[in-house]
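Student: This is the structure I want to talk about, given as structure tokens.
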Amino acid sequence: MTDTPTPAASNTAPAVPPYIPDFGAESDRLRPVERPVTHAAYRIVLPGVIQTGADTVIAMSRKSSLWPMTFGLACCAIEMIGTFMSNHDLDRFGIVPWPSPRQSDVMIVSGTVTKKMAPAIKLLYEQMPNPKYVISMGACATNGGPYTEYDRVLQGVDKIIPVDVYVPGCPPRPEALLDGLLALQRKIMEEKKMIG
Amino acid sequence: MSIWPEEHVATAHHGEGFDTVDMTINVGPQHPATHGVFRMVLTVDGEMVVDCEPYIGYLHRGLEKLSEANDYRQAMGYWDRTDYLAGLVCEQAYCMAVEKMGNIEVPERAEYIRVIMSELSRINSHFMFLGAFGADVGSFGTSFIYAWRERERIYDLLEEVAGDRMFPTYVRPGGVAMDLPENFEARCRWVLSSVYQGLEDLDGLLTGNEIFVERCSGLSPVSPETAIKWGLTGPMIRATGLPWDIRKAEPYSIYDRIKFEIPTGKQGDVLDRFIVRLAEMYQSAKIIEQCLDQIPGGLVLNPKLPRNLRIDNGECYVRVEGTKGEYGVYGLARGGNKAYRMKLRSPSFCNLSALREMVVGNYVADAIIILGSLDIVLGEVDK
Amino acid sequence: MTGLPFLFGDPFFGISWLDAIIRILIVVGVMTLIVVYLTYGERKVVARFQQRLGPMKTGPYGLLQGFADAFKLITKEDIRPRNADRWVFEFAPYATFIPVFLVLVTLPFAENWGVRNLTLGVFFVFSVLGLNIVGVMMAGLGSGNKYALLGGVRAAAQMISYEIPLVISLLAVAMVAGTLNLNEMARLQDGRPFVLVQPLAFVIFFTAMLSELHRAPFDIPVAESEIVGGYFVEYSGIRWSMFQLSEYASLWGFSVFGSVIFFGGWAWPYGDELGWGFQLFLTMLKSFIFILAVFWVRITLPRLRIDQLMNFCWKVLIEVSFLLLLVNGFFLYYEWPQEILAIVNWLGAAALLAAVFYRGRRGSRAAQLVGTYRQAAQAAQAAKVEAS
Amino acid sequence: MTNENPAPAEAAAPAFPGIAAAIHAALPGVPMTARETSTDVDIRVAPGDLPAVVEALKDREELAFDYLRNMVGLDMQEAGLEVKYHFYSFKHGHSLQVTVPTPPGNPHVPSLTPYYPAANWHEREAAEMVGLVFDGHPNLKNLLLEEDLRIHPLLKAHPLQAIEIVQGIEEGKPGFEF
């Protein structure tokens, strides 16, 4: 444990009570989410030769209709909203924000992830249906950003959920987030067999 | 299969014909209407809100602890990320605090540039409020789009002047980082004309709309005395009819040389708060125009600033009229290049502490609108 | 002269049940195609209103966006929450979809062409509308989520109360038309559409239809900013797409139904002279104009609160529709000329709209406080003039 | 019991500058020392006399401090914890800072929530950040930290990043191997 600083012993003032931080049940709240290995369900149904065709069609449909969950934490959320608006329209790529986690398949973690918010993020990640992706937007979500020295801030969202695309910047410009989403689309096209 | 929650069975009204149980709704940390990570647990009897328990702290990033761990110029990055809708207002407040503690003078031209930049940020933040409030009331993003058209233009102007859209760290203790570009005045007047046009559109879209008026007027009226008692400041207290604005009550920087009025509402209800913010944007635009006419030449940064800023035995409580209310910075310096203690009096934090009294007794849909009318920014609430 | 095969009378290959199945397959095929392009059309129209482009990248001008959404939703994992009631949760999408699909059975798409020519067409549509509420309530109560529960209860209250003005306004038109058979109604309107005779009935019908479909400004059960997602918040994947399908299908069904009753369906301009091709085009064109109006209202108007919604229905719409029935009764019983009936109806519609706008104007005292762009510009102008 | 205030006593400045003179006149019995910070007048009062001072500030006609503007909890290491209040009067337009030092052993300060409802959240935040205890506060739970945490981040003794290593989270590899 940290050694408590021995106060300058001014005999009149009683010793300052030693400062012992008590963290309660925090360390098991921050355990990472276990990632279920999913195999493409439709591949069982379809015979061999059609599978490659089905993979490309379904991967293309997943790529072109990514529905992110409106999930803004801090300043990056303002730039994320800016990306949805008319100047950098994300609707062109079929990306429309959706309020509920059940119907969305991308979680854009935009902003500082604190340890008080971590269980909520894990719960939301588990609520999303299966072919789901995570974009960690901004320096705070990637590795704590400017708040690395403070212990209440989780040093990166990939400590609790698996992340597919990291978007640098604090806050990243709307074009940077746009590039991150296009990178995710390319990634979906490449690994089209794996995700169920 | 039980829909009724066992753990939160608050009060069961027996004996009135059938037993009704109050249901608690968790307007959770992730919710489109909470503008970020704010959670409030509403105890609901049917549609009426019986009790509301706000939970904050989901974005507590240790602003004050990090201000003690970094020296004066490094800590600026944390301070403009508090009110991330109007970064430059926070920078101005922080730098004024450092200057008061180290009694550093600021050249005249830098004061004018600071006022122009903070008024632009105020318009920017109020546009975000108009957009978000329209979405809360239900206009499905159309108000967002109109508001964002102007925000992007203001961001472009800020980027031309200060280098970055949201957090340029452009204001420095002792002045401003660099001078304005040459075509700034023409660009600024063009942006102001588009701001007027944006206000005209949003005014027509929302204020003139009978459903919007029907839903917002007469919702949680607040009297001036209760507003002072709860510690509400900014547009919240001006909506109650009390013309109190720190730029006029305790003028700082060059606000005493500029003529502008303070718009006030009548009963302090949600519609008045909306209209006061809408009217304030006109006043901010007028302030910018006067500043553009009166701006003198000269230096923008105090030349006698040491490379390593050391302040010993300074203490101050600087309060600035932020976009959400009184944005106060308390600073205590006891030697060395790091502050001993910096505290932020955040307006959204104080406005939010009165949420419970405003929300109880209304419908769930109204609770969301009242929260929207507070116009809170979570970076500021959780420090 | 109308060479369309398989008119109402003669069934396919002589077997009537096989004929019904084939016609239903045709109508369902057309409906699915239209629903897929309605989702795409809505995002394009909403984007166009909001000064942005809308889907562009999937296919030329984003035309394949509807199919991309559909395929993605089909291959998504659909989750059933543990504390949801299993069978109620699973059958809710079908319970919402079947009534919408039954409405399509009676609609005449061209002269004498549709799935079935029911003599009591309008009456059949009323009875089928009631079933829709069952599906919504099942979804709301079955999914074991407080948001869904609130959404389901709100939807039930709203749909039940708004069905009364809807039914009465259509009865008023049926009184004037004298028949309940939709095909006959369309034929009667080739001279002048009923909207010119009964504008008040059209205003009430349009408002009540908006709330039956949960579209803004009555989209309270599906309010994203309050209760996230309403009654279908727990559905994902293919079950959720069933809800989306039934929502857009009922929007298209109601548009065709409304255009048949008020705008003359396939008959109005020169329907019966110009053959079935032009009639099909007329029905489609009118229903798309209806849908455009619904999108337009959705984008601009904010949402009503639940008690204002109820007050507006019980205290305004129902009284006005009873009055409408009374006036029609007098005119038809005493055989007063139809023109006076039309004029009285126009006055009634004007009075209703004026009352609604007056309530809004009373409140908007913003103009004095805020001042518009011109005032600000004039003030700046005046300041510059007296300064120089 | 007023311990030595850090600023050297300016001989020229009067003992009670500005508004502090009126307050001293209004409360002769209460021992207080006043000084001038770079923005407003500051008076130091013992925790025991705080309720009396606040009542006078709030009810006296010529003082009328009806607005509690801000509250700061400070950790003065050896000199114990400290609380600073900022008041403002809407009627007269003047503002005041009240400092309440607490002995290092017991950080107990009477709560101001009965006088100013605005103080509710300020006190909860100061309590969890610096470890003060406000007697008479309705519910002194954690506001910005989780409910079950008993840490005071703003104490000088609370290390910055070391806690991460103590919790064994920092060395862990990212949650997943790809």
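The values are calculated or read from the model by the stated rules, or taken from the named source; none is laboratory data. Keep in mind that this is a model prediction, so the values were computed, not measured. Note that we place each Cβ from the backbone using ideal geometry, even for glycine, and neighbour counts take in every protein chain shown.
Student: Against the condition within 14 Å of chain C (Cβ to nearest Cβ) and charged (D, E, K, R), how does residue B:215 come out, does it pass?
Tutor: Yes.
Student: Right, next: Taking the range C:51-66 as the search range and keeping residues that are surrounded by fewer than 18 Cβ atoms within 10 Å (Cβ to Cβ) and part of a helix (DSSP H, G or I), which one is nearest to the other protein chains (Cβ to nearest Cβ)?
Tutor: If we take residues in the range C:51-66 being surrounded by fewer than 18 Cβ atoms within 10 Å (Cβ to Cβ) and part of a helix (DSSP H, G or I), then C:61 is nearest to the other protein chains (Cβ to nearest Cβ).
Student: Here is a list: B:89, B:106. Which entry is surrounded by 24 or more Cβ atoms within 10 Å (Cβ to Cβ) and not polar (S, T, N, Q)?
Tutor: B:89
Student: Is there a residue being over 21 Å from residue B:349 (Cβ atoms) and either assigned by TED's automatic domain parsing to the domain that holds residue B:331 or of a type in the set (S, T, N, Q) (or both) anywhere in the range B:43-55?
Tutor: Among the residues of the range B:43-55, at least one is over 21 Å from residue B:349 (Cβ atoms) and either assigned by TED's automatic domain parsing to the domain that holds residue B:331 or of a type in the set (S, T, N, Q) (or both), which makes the answer yes.
Student: In the range C:30-50, how many residues are assigned to a helix (DSSP H, G or I), within 12 Å of another protein chain (Cβ to nearest Cβ) and not β-branched (Val, Ile, Thr)?
Tutor: Residues in the range C:30-50 being assigned to a helix (DSSP H, G or I), within 12 Å of another protein chain (Cβ to nearest Cβ) and not β-branched (Val, Ile, Thr): 7 in total.
Student: Filter the range A:117-134 down to the residues that are polar (S, T, N, Q) and in a helix (DSSP H, G or I) and list them by number.
Tutor: Correct list: A:127 only.
Student: Looking only at the range D:121-135, decide whether some residue is under 30 Å from residue B:104 (Cβ atoms), modelled with pLDDT of 90 or more, away from chain B (no Cβ under 12 Å) and under 11 Å from the mean Cα position of the chain (by Cα).
Tutor: Taking every residue of the range D:121-135 in turn, none turns out to be under 30 Å from residue B:104 (Cβ atoms), modelled with pLDDT of 90 or more, away from chain B (no Cβ under 12 Å) and under 11 Å from the mean Cα position of the chain (by Cα).
Student: If a residue has to be modelled with pLDDT of 85 or more and over 18 Å from residue C:22 (Cα atoms) to count, how many in the range C:106-128 make the cut?
Tutor: 10
Student: So, one more: Hand me the list of helices (runs of 4 or more DSSP H) wholly inside the range A:23-116 holding 3 or more residues that are modelled with pLDDT of 85 or more.
Tutor: A:48-64, A:75-84
Student: Residues to consider are C:2, C:96; find the one that is buried (at least 21 other Cβ atoms within 10 Å of the Cβ) and at pLDDT below 90.
Tutor: Details: C:2 fails: buried (at least 21 other Cβ atoms within 10 Å of the Cβ).
The conditions single out C:96.
Student: Can you name the condition, by its number, that residue B:145 falls short on among (1) at pLDDT 90 or above; (2) of a type in the set (Val, Ile, Thr); (3) more than 30 Å from residue B:309 (Cα to Cα)?
Tutor: (1)
Student: Quick one: would you say residue C:18 is in the same structural domain as residue C:234 (by TED's automatic domain parsing) and either in contact with an Asp or Glu (Cβ under 6 Å, 6 or more places away or on another chain) or surrounded by fewer than 20 Cβ atoms within 10 Å (Cβ to Cβ) (or both)?
Tutor: no
Student: Ok, one more. Could you check how many residues of the range B:39-55 are touching a Cys at 6+ places or on another chain (Cβ under 8 Å) and assigned to a loop (DSSP other than H, G, I, E, B)?
Tutor: Total meeting the criteria: 0.
Student: Here is a list of conditions, (1) within 28 Å of residue B:149 (Cβ to Cβ); (2) of a type outside the set (Phe, Trp, Tyr); (3) without any contact (Cβ under 8 Å) to a residue 60 or more places away in the chain, and residue C:41 meets all of them except one; can you say which number that is?
Tutor: (3)
Student: Restricting to the range C:23-50, name every residue that is more than 20 Å from residue C:291 (Cβ to Cβ) and surrounded by 15 or more Cβ atoms within 10 Å (Cβ to Cβ).
Tutor: Within the range C:23-50, C:23, C:24 qualify.
Conditions (1) closer than 27 Å to residue C:236 by Cα; (2) modelled with pLDDT of 90 or more; (3) of a type outside the set (Gly, Ala, Ser), marked per residue:
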position: C:156; (1), (2), (3): yes, no, no
position: C:163; (1), (2), (3): no, yes, yes
position: C:171; (1), (2), (3): no, yes, yes
position: C:184; (1), (2), (3): no, no, yes
position: C:189; (1), (2), (3): no, no, yes
position: C:201; (1), (2), (3): no, yes, no
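Student: Another question, then. Looking only at helices (runs of 4 or more DSSP H) that lie completely in the range C:251-343, which have at least 2 residues being within 14 Å of chain B (Cβ to nearest Cβ)?
Tutor: Details: elements: C:275-300, C:306-311, C:318-333.
Passing ranges, in order: C:275-300, C:306-311.
Student: Mind listing whichever residues of the range B:164-181 are away from chain A (no Cβ under 14 Å) and charged (D, E, K, R)?
Tutor: Let us first name the residues in the range B:164-181 that are away from chain A (no Cβ under 14 Å), namely B:170-181.
Once the filter is applied, which keeps residues that are away from chain A (no Cβ under 14 Å) and charged (D, E, K, R), the range B:164-181 yields B:172, B:179.
Student: From B:200, B:225, which residue is in contact with a Ser or Thr (Cβ under 7 Å, 6 or more places away or on another chain) and part of a helix (DSSP H, G or I)?
Tutor: B:200
Student: Looking at the range B:70-83, is at least one residue in contact with a Lys or Arg (Cβ under 6 Å, 6 or more places away or on another chain), surrounded by fewer than 22 Cβ atoms within 10 Å (Cβ to Cβ), modelled with pLDDT under 90 and of a type outside the set (A, V, I, L, M)?
Tutor: yes
Student: For the range B:167-204, give me each residue that is within 23 Å of the chain's Cα centre (by Cα), over 30 Å from residue B:109 (Cα atoms) and surrounded by fewer than 20 Cβ atoms within 10 Å (Cβ to Cβ).
Tutor: B:200, B:201
Student: Looking only at the range A:85-121, which residues are free of Cβ contacts under 8 Å to residues at least 24 places away in the same chain, closer than 18 Å to residue B:144 by Cα and within 11 Å of chain B (Cβ to nearest Cβ)?
Tutor: To start, the set of residues in the range A:85-121 that are free of Cβ contacts under 8 Å to residues at least 24 places away in the same chain comprises A:85-86, A:89, A:91-92, A:120.
Imposing the further condition that a residue be closer than 18 Å to residue B:144 by Cα reduces the set to A:85-86, A:89, A:91-92.
Selection gives A:85, A:86, A:89, A:91.
Student: A follow-up question, please. Out of the residues in the range A:140-154 that are more than 18 Å from residue D:144 (Cβ to Cβ) and buried (at least 24 other Cβ atoms within 10 Å of the Cβ), state the one that is farthest from the other protein chains (Cβ to nearest Cβ).
Tutor: It comes out as A:141.
Student: Still on this structure: Please go through (1) at pLDDT below 90; (2) buried (at least 24 other Cβ atoms within 10 Å of the Cβ) for residue C:196 and return the number of the only condition it doesn't satisfy.
Tutor: Among (1) at pLDDT below 90; (2) buried (at least 24 other Cβ atoms within 10 Å of the Cβ), the lone unmet condition for residue C:196 is (2).
Student: For the range A:135-153, state whether one or more residues are in a loop (DSSP other than H, G, I, E, B) and farther than 28 Å from residue D:147 by Cα.
Tutor: Within the range A:135-153, not a single residue is in a loop (DSSP other than H, G, I, E, B) and farther than 28 Å from residue D:147 by Cα.
Student: So if I check each of C:145, C:183, C:132, which one is buried (at least 21 other Cβ atoms within 10 Å of the Cβ) and out of contact with any helix residue (DSSP H, G or I) (no Cβ under 8 Å at 6 or more places or on another chain)?
Tutor: Only one candidate qualifies: C:145.
Student: For the range D:39-70, give me each residue that is of a type in the set (Val, Ile, Thr) and within 13 Å of chain B (Cβ to nearest Cβ).
Tutor: Answer for the range D:39-70, where residues must be of a type in the set (Val, Ile, Thr) and within 13 Å of chain B (Cβ to nearest Cβ): D:39, D:41.
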